[in-house]
Structure formats: C-alpha cells, structure tokens
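So the structure is just underneath, and the comments pick up after that.
The values are calculated or read from the model by the stated rules, or taken from the named source; none is laboratory data. These figures come from a predicted structure and were not determined experimentally. Because the Cβ atoms are built from the backbone with ideal geometry, glycine has one as well, and the counts that use them run over all protein chains shown. Areas reflect the complete protein model, heavy atoms only, side chains present, ligands, DNA and RNA absent. Shrake-Rupley method; radii C 1.70, N 1.55, O 1.52, S 1.80 Å.
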Amino acid sequence: MPCETVRCAVVGLVQGLEDVYTTLHHPRYTLVAVCDQNPQRWRWLTGEEDVDKVDESAALFPHHKEWVRESRKAAGFADVEYLPDFDDVLARDDIDAVILVLPDLLHAEYAIKALEAGKDVLSTKPMARTLDEAFAIADSARQHPNHFMLGFQVSYSGFATAVREVIATGEIGTPRQLRFDFDRGPWRPVHRKKYAEVDGSMIKEGVHWLDMIYRLSGELPWRAIAGFGGQETFPDDFEFEDSGVLIIDYPGFRAAHTFSYFRQPLTRSEDFLLIGDKGTIRGTFEQFAVETDAGTRTIVPTTSPLPAQYHNGYYEMADAFAAAVLDGIEPYTNWRTGLENMLTCHAAQVAVAGNTMVTRESLADLDWRVKFGQETSSAAQLIEA
Ligand SMILES: NC(=O)c1ccc[n+]([C@@H]2O[C@H](COP(=O)([O-])OP(=O)(O)OC[C@H]3O[C@@H](n4cnc5c(N)ncnc54)[C@H](O)[C@@H]3O)[C@@H](O)[C@H]2O)c1
C-alpha cells in the first residue's frame, strides 16, 4: 500500500529548523529523523539546552528559536529520532525523502548521494556553488526522474501563485515588462563566513528573485542580461555586490530588477510592477492591485497556515514536494529549472560585477537547453511539446 505521508528526515538544523517546524505541522509529512553533525542542534530541539539563551554568535535568530519552541510542542515530535551521521539516514528503509538544508559546499555531494540511495530530495538553494556542480546533480537527477526538487519557496508563495493566476485569466493581456525592486536587510555578521563559500551575491541571494522573474516570464529563455553592481553597504570588509540593477531581455518581455542586500529594508522590502498590454499588476507580496480599463481590484495573497512560518512560500513548497513524492507530480523547481537558475545567476553575476552585458549565446557551452536539447523547464510543457 502506498504511504500516505512523506516519511522524511531534515538534514542540517539551522535554516532546517523551519523544515522541522513545517513538516511536523503538515498533514502530508511524518518527520522520522533529524540529522546534524553538531549535537547541540538536537539539544536545542529537546530543550536540553535552552535555545533562548543562545546568542547571535551561534547564527541563531528569533525566528529560529520560535521554530524550535513550536516544533517541540508538535504531536509528532516525541517520535523524531536524532541521527548525527547522514549515512545512517540514507541506510534507513523507513525514510523515503531527505530535506537537505546544509552549507552550500555540501549541496551537490549530499544531493547526489541521497539520489543514489533512492531517496527523494528537496534541497535548499542555491542548487550548487558552481555550474559544474549543478550539472553533476542534474546528471544524477535525470537518472532518478522526479526525485530532485529545489527549494525556491518564493515561486510557490501565495503572491507568485496569485500573480500567475491573474496572468492566466488574460485580464492584463500579454505580460511585456516587469519591474521588481528588492531591498533586503539587515546585515548579520554571520553572513561573512557563509558567503565565503559561493561565487557572488547572485548565486547566494539573487537566486530566489531571479527564479521568480523567470517563472513570471512564462519560463522563457532569456537572451541577454545587462547589469550594474556596487559594493556599497560594507565596502571595507566584504567583497560582494550588494546593490545594483539588472535588466533581463526575454523574447517579447523585459525585466528590470534592482536589489540591495544587507541594508535595513525601507518601509517595505519589495516593490513590484508587471505591465501587460491590457493592464498592470502593482504592489507588494502582501497586497497588489490589478489595474485594467474595467477598473482596479485588490488581491491579498494567501499565506502559510502556520503562524511561525518566516519565509514566504515555505508551506506551499512543502505541498509541492509532497505532491512529487506521494502523487508523482513533478515540481516546478526541478533540475531543469535549477540549471536555468544557475545559468541566469552566473550571467547576472558577471554582468553586475563587470558593469556589462552578457548574451546567452556567449554562454552556449554552459546552457542546459543546448546541452540537453530542451526548450522548456516544465514537465507538463515538455509532454505537450
Ligand atoms: N530557502 C531559504 O530562503 C534559505 C534561507 C536561509 C538559508 N538557506 C540555505 O540553507 C543552507 C544552510 O544555511 P544555514 O543558515 O542553516 O547554515 P548553517 O551553516 O548555519 O547551518 C548548517 C547546519 O548544517 C550542519 N552540518 C554541516 N555539515 C554537516 C554534515 N556533514 N552532516 C550533517 N550536518 C551538517 C551544521 O552543523 C549546521 O547546523 C544554505 O545553503 C543556505 O543558502 C535557504
């Protein structure tokens, strides 16, 4: 008889604490085990070590502590096992899926190991540190169809879903232009060690927004990316482009994306304007207006049913992973979407770091669509084609 819930393990227990909290409160999951090589993380969860007394130097923030407290209260928590060693997770027959929330340098190695062990994998962003690593994951994911999902929660959020639904009604006509401004902050000292692992702020931070833009473009292959970047917030001790602007040219569609990372956000962190040939959508993740000749209506996107959810779209992302594991529905964020995102981030990084323009043609040797001869990243569209 097929399982009714995803029997899973969460691996890596800092950001992964949100996955612990989510899976413990989601009807389609049974959290069998958690894994972290550092036993302190398990002591936080059991309460053996008071998480409220842990200070910022441990890279733990108020939302992490909230997830710990709420996880401990969940009905299923008493049955969760602690496994310090990932190989022990892979050896367990009663664990079907792993949710990997590990440092970036382990993303490729651990995802491939888990796929080879027959597990379903939900891996946090970025897909990998480099395109080479991402291609290695893709090679393995292609041998294990529908077993690999990437954790770009923003594209599953109530906001992104509601915008896509409006587009699908035809109300704003064909989308032609997008302007999306995102200001993220504040800076936290712990980022210094984490950012040393990857090549640039586009792969570390820009992934979510570039994926959301890609999805709203209708998953079109971009043709060119122009960028201007600056290192302005912490110029003395931190060499990351933390402010800038990108212009992405898709066939028939253009996106302008300004970003500032590590600044205190302004009154709101995002500002969104999508212009179609019959109307516009404008607003924020919390609320947006649809403006057409017929008038203006306001949409308030749905949010997670879990009160301590911190990241927009996390619960809905868990829905999608459960649908992949239990119902065989390939998620939007599959290995193809992942490679498209890596290519986009790579080009964006080159553009903002060099104040230049990068064409897709110039990156043909890194282009998964060329390598695998595919026109789309969506399984449904591939079947239709
Ligand atoms: N989806 C999102 O919005 C989002 C948000 C924050 C972080 N992230 C991603 O999550 C990942 C982890 O970020 P973090 O802030 O939790 O990092 P972190 O370094 O604070 O925590 C990683 C955890 O993994 C554990 N770990 C390291 N090696 C291990 C191993 N071999 N086996 C088992 N456990 C191991 C560490 O002990 C640590 O507890 C990063 O890739 C980051 O990009 C995603």
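Across segment 75-100, the number of residues qualifying as under 15 Å from D19 (Cα atoms) and of a type in the set (A, V, I, L, M) comes to 5. Against the conditions (1) more than 15 Å from the ligand (Cβ to nearest atom); (2) part of a helix (DSSP H, G or I), P145 satisfies every one except (2). Looking at segment 23-46, can you tell me whether even one residue there is polar (S, T, N, Q), under 20 Å from R69 (Cβ atoms), more than 9 Å from the ligand (Cβ to nearest atom) and open to solvent by 40 Å² or more (accessible area, probe 1.4 Å)? The answer is yes, given that some residue of segment 23-46 is polar (S, T, N, Q), under 20 Å from R69 (Cβ atoms), more than 9 Å from the ligand (Cβ to nearest atom) and open to solvent by 40 Å² or more (accessible area, probe 1.4 Å). For the residues L122, L115, L102, the requirement of being among the aliphatic types (A, V, I, L, M) and in a helix (DSSP H, G or I) singles out L115.
Within segment 70-94, being surrounded by fewer than 19 Cβ atoms within 10 Å (Cβ to Cβ) and among the small types (G, A, S) holds for A74, A75, G76, A78, A91. Taking the numbered list (1) within 13 Å of the ligand (Cβ to nearest atom); (2) farther than 19 Å from T23 by Cα in turn, S123 passes all entries but (2). If you go through segment 155-198 and pick out every residue that is open to solvent by less than 30 Å² (accessible area, probe 1.4 Å), aliphatic (A, V, I, L, M) and modelled with pLDDT of 95 or more, you end up with 6. Per the conditions (1) surrounded by fewer than 21 Cβ atoms within 10 Å (Cβ to Cβ); (2) out of contact with any Lys or Arg (no Cβ under 8 Å at 6 or more places or on another chain); (3) touching a residue at least 24 places away in the same chain (Cβ under 8 Å), the sole criterion not satisfied by W67 is (1). Among the residues of segment 148-165, those that are part of a helix (DSSP H, G or I) and either farther than 29 Å from G244 by Cα or of a type in the set (K, R) (or both) comprise R164, E165.
Considering only residues that are away from the ligand (no atom under 15 Å from the Cβ) and under 15 Å from V6 (Cα atoms), look in segment 95-118 and name the one that is surrounded by the most Cβ atoms within 10 Å (Cβ to Cβ).
Filtering segment 95-118 for residues that are away from the ligand (no atom under 15 Å from the Cβ) and under 15 Å from V6 (Cα atoms), the one surrounded by the most Cβ atoms within 10 Å (Cβ to Cβ) comes out as A97.
If the condition is being part of a helix (DSSP H, G or I) and among the acidic types (D, E), then segment 324-364 contributes D327, E340, E361.
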